[in-house]
Protein chains: 2
Amino acid sequence: MSNTTGGRRENGGKQTTMRDVALAAGVGLGTVSRVFSNVGSVAPATREKIEAAARELNFRPSALGRDLKRRTTNNIGLIVTDISNNFYGEFAQGVLATAKEQGRHVILCASGEEPETEREYIDLLVEQRVDGIIAFPTGHNLDSWRSARDLGINIVFADRELPDLDIPSIVVDNEAGARRLTEYLLALGHSRIGYLGGPSELTSGGQREAGYRQAHLDVGVAVKEDLVVRTRFTRDTAYASALRLLENPVPPTALVATNNVLGEAALTAIRDRGLSVPDDISLVMFDDVPWANLVEPPITVVAQPAWQMGQSATRMVLAADGEKVQPQTVKTEMVLRRSARPLHSSAPA
Amino acid sequence: MSNTTGGRRENGGKQTTMRDVALAAGVGLGTVSRVFSNVGSVAPATREKIEAAARELNFRPSALGRDLKRRTTNNIGLIVTDISNNFYGEFAQGVLATAKEQGRHVILCASGEEPETEREYIDLLVEQRVDGIIAFPTGHNLDSWRSARDLGINIVFADRELPDLDIPSIVVDNEAGARRLTEYLLALGHSRIGYLGGPSELTSGGQREAGYRQAHLDVGVAVKEDLVVRTRFTRDTAYASALRLLENPVPPTALVATNNVLGEAALTAIRDRGLSVPDDISLVMFDDVPWANLVEPPITVVAQPAWQMGQSATRMVLAADGEKVQPQTVKTEMVLRRSARPLHSSAPA
DNA sequence: CTCCTGATTGGAAACGTATCCAACAATTCC
DNA sequence: GGAATTGTTGGATACGTTTCCAATCAGGAG
């Protein structure tokens, strides 16, 4: 290939503006604007003249000028933890598709679950005057969120809720999801069920743990507190926590992981300890990521409708001003596969 | 939780501007600007007065006004195929991290490999006056690309090159990667090696196929043309193509898939046909996605350094104006695992 | 013929910022 | 003491657009 010269153009020249087009077409500036903003009325002949001149000059309207004048940007910010995680990827696909329908652009930010990074991103998005922000909040930076909201930016939280902030969120029914997974394991006869969950500051973490506990309560089985482990969502710490869980003097016979990062860590730890699923230990988790159905055995999961959540979040954040936006809770779906089996039985579940 | 009221604020009021701050601090507009753009000199006492006033008024500088005046946006566009695909996710993480270092924002677009969608996104990014665009091009819309480039937008292509466009790209050594995978299978004694690849219009597709063929040539084994299948990167068509390959009258004993979508399709098709890897058929592929190491057996792959490619692409697109940007080719790394075994042998490789 | 209505048009005034220029003050240098 | 330098400041102008207002024009009603 011959593209060795770089493809870079000197950007010194002025860009073509509506004024240039107006001059070339022999009309007034206002008329050109009316053509491109598709508002008001323009005589067909005039419109054609203008469009011809614009084509000739390779004119492209500038969103900068437009947005400055209109005081709205058509951009929304999306703050996820890690876009390489399939759950956030699916969610983002939902956001992108919905935003595109409405001619909106998406500014992507990855917080890495770091409050400081999140704060920087919030500031940047505020400066960019985005119309709205969709975020998986870290749970910190309450002041920044409040300030952004008070500046008139529509905000929607996903997956987690923040107290005292009066910002709507879209979450799944965490309690029910975790409860069903746990009930399922209990029904299979397990009574030492490990719980590998996220930080309890996050409402999703608290709710899932509550579901896990409620399931125990319902059938009168005591939760073994030393089998309840909360950890950050990074691969290394999650793996270490999973190992710790498995190294318990009396190890669990089943394990609930509350998202795909923790599930992957658990599976890896189980294998590294030379154990096998489901013969030595049953494993269930949140998030129906692709690998859940590719590994052997395929993992029983509670699926969150990530794409649809992205779609809903986008609709919420773009709701007409003045419209009340209600927080939303979506249902999870349990997908039974083969990663759990009855305790004290040699036949697979 | 009590956030049932919506968190929406009427946006009717004027926003606070530098003029307001200037008035409140009893200084001139220019001085306020100097404080926030951090250019020129401002007396410490004055600066403090201004910062106090700004804090008091909750002033946030507007990127719109700044960008309009400066004629640059600090935004770059990223056009991928599907952000829920781990390869693009990793790449995007690299882009985000690098962009953030330089205070840049990333506008994310997913083309779905559709030329029409790609064109719309290019237009939108041009209107947004992004400083640069990083794209996995579909191979179409040459005019749009040319036009964007001529408007002064820095463009970098990833994964694929486009002829006659003088736009730099960052690619992996596709030919070598595919050659090594194929050589490996040939060395294990396979001679009927299926090839499941992308459309040949894409240079990456052509180069990988060339590597596959070269490997055969090197050892004097003829390519079985009816085992060479090119397909689009959608799950359904890829799966159908994989099935077709397996249903060959004389089926292949090994398979090369040229990316993770095709690899997943191949693996699923193999299993659905009741075959097992590697006993019935060996499978190797491009892309070291997480599941490649979680399935049984773990898949031998050629890994593309997605994150680093994102980083490099971002550096290229943000290179100082006037600087020549050289196209870049990065090396792949072959990761041997257990998804291939010698033909005519009962011991695993 | 005049008045009125509606469609079409041109141009001025913002939107919020950066930057140039002139003005001024406080030093410093001879 | 005067001139030159340096640091600091205010204000006008421009960036590319939208939008308001007034003006023009064609044509129908009276």
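Would you be able to say whether some residue in region B:5-12 is at pLDDT below 95 and either within 12 Å of DNA strand D (Cβ to nearest atom) or in contact with a Cys (Cβ under 8 Å, 6 or more places away or on another chain) (or both)?
Within region B:5-12 (the criterion being at pLDDT below 95 and either within 12 Å of DNA strand D (Cβ to nearest atom) or in contact with a Cys (Cβ under 8 Å, 6 or more places away or on another chain) (or both)), the answer is no, since none of the residues qualifies.
For (1) under 21 Å from B:G211 (Cβ atoms); (2) outside the structural domain of B:A148 (by TED's automatic domain parsing); (3) under 14 Å from the mean Cα position of the chain (by Cα); (4) part of a strand (DSSP E or B), each residue gets a yes or a no:
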site	(1), (2), (3), (4)
B:G274	no, yes, no, no
B:P278	no, yes, no, no
B:V284	yes, yes, no, yes
B:D288	yes, yes, no, no
B:V295	no, yes, no, no
B:P298	no, yes, no, no
B:S312	no, no, yes, no
B:A320	no, no, no, no
What are the residues in region B:61-75 that are at positive phi and either near DNA strand C (Cβ under 6 Å from one of its atoms) or surrounded by 19 or more Cβ atoms within 10 Å (Cβ to Cβ) (or both), if any?
B:N74
Among the residues of region B:31-49, the number that are more than 11 Å from every other protein chain (Cβ to nearest Cβ), of a type outside the set (K, R) and either more than 15 Å from DNA strand C (Cβ to nearest atom) or closer than 25 Å to A:V130 by Cα (or both) is 6
If the requirement is being closer than 26 Å to A:G112 by Cα, modelled with pLDDT of 95 or more and more than 10 Å from chain B (Cβ to nearest Cβ), which of these qualifies: A:P305, A:P252?
A:P305
Scan region A:38-56 residue by residue and report those that are at pLDDT below 95 and within 41 Å of the chain's Cα centre (by Cα).
A:N38, A:V39, A:G40
From (1) assigned by TED's automatic domain parsing to the domain that holds A:A215; (2) in contact (Cβ under 8 Å) with a residue 40 or more places away in the chain; (3) of a type in the set (A, V, I, L, M); (4) touching a strand residue (DSSP E or B) at 6+ places or on another chain (Cβ under 9 Å), pick out the condition that doesn't hold for A:I270.
(2)
Sole miss for A:V80 among (1) within 16 Å of B:I107 (Cα to Cα); (2) aliphatic (A, V, I, L, M); (3) within 15 Å of DNA strand C (Cβ to nearest atom); (4) more than 9 Å from chain B (Cβ to nearest Cβ) is condition (3)
With the condition being at pLDDT 95 or above and touching a Pro at 6+ places or on another chain (Cβ under 8 Å), I'd like the strands (runs of 3 or more DSSP E) fully within region A:135-243 carrying at least 2 qualifying residues.
A:154-158, A:169-172, A:193-197
Here, helices (runs of 4 or more DSSP H) confined to region B:47-128 with at least 1 residues that are away from DNA strand D (no atom under 16 Å from the Cβ) are B:86-101, B:115-127
Failed condition for B:E161, given (1) closer than 30 Å to B:T300 by Cβ; (2) over 16 Å from the mean Cα position of the chain (by Cα); (3) surrounded by fewer than 24 Cβ atoms within 10 Å (Cβ to Cβ), with all others met?
(2)
Residue identified as among the hydrophobic types (A, V, I, L, M, F, W, C), within 20 Å of the chain's Cα centre (by Cα) and buried (at least 23 other Cβ atoms within 10 Å of the Cβ) among A:L181, A:L202
A:L202
Test: residue in region B:294-302 that is buried (at least 18 other Cβ atoms within 10 Å of the Cβ) and in contact with an Asp or Glu (Cβ under 6 Å, 6 or more places away or on another chain)
yes
Let me spell it out: the conditions are (1) surrounded by 22 or more Cβ atoms within 10 Å (Cβ to Cβ); (2) part of a loop (DSSP other than H, G, I, E, B); (3) free of Cβ contacts under 8 Å to residues at least 24 places away in the same chain, and B:V42 meets all of them except one. Which number is the exception?
(1)
Just need a number here: residues in region B:132-166 that are touching a residue at least 40 places away in the same chain (Cβ under 8 Å), at the interface with another protein chain (Cβ under 9 Å from one of its Cβ atoms) and acidic (D, E).
1
Looking at A:G94, is it within 14 Å of the chain's Cα centre (by Cα) and farther than 25 Å from A:H140 by Cβ?
yes
Give me the pairs: first residue in region B:57-69 and facing chain A (nearest Cβ under 7 Å) and farther than 15 Å from A:D123 by Cα, second residue in a helix (DSSP H, G or I) and among the basic types (K, R), beta-carbon distance under 6 Å, and six or more apart or on different chains, which are they?
none
Only one residue in A:L108, A:L124, A:L96 is facing chain B (nearest Cβ under 7 Å) and surrounded by fewer than 22 Cβ atoms within 10 Å (Cβ to Cβ). Which one?
A:L124
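The values are calculated or read from the model by the stated rules, or taken from the named source; none is laboratory data. Predicted, not measured: the structure shown is a model, and the values here were computed from it. Neighbour counts run over all protein chains shown; Cβ positions are idealised from the backbone, glycine included.
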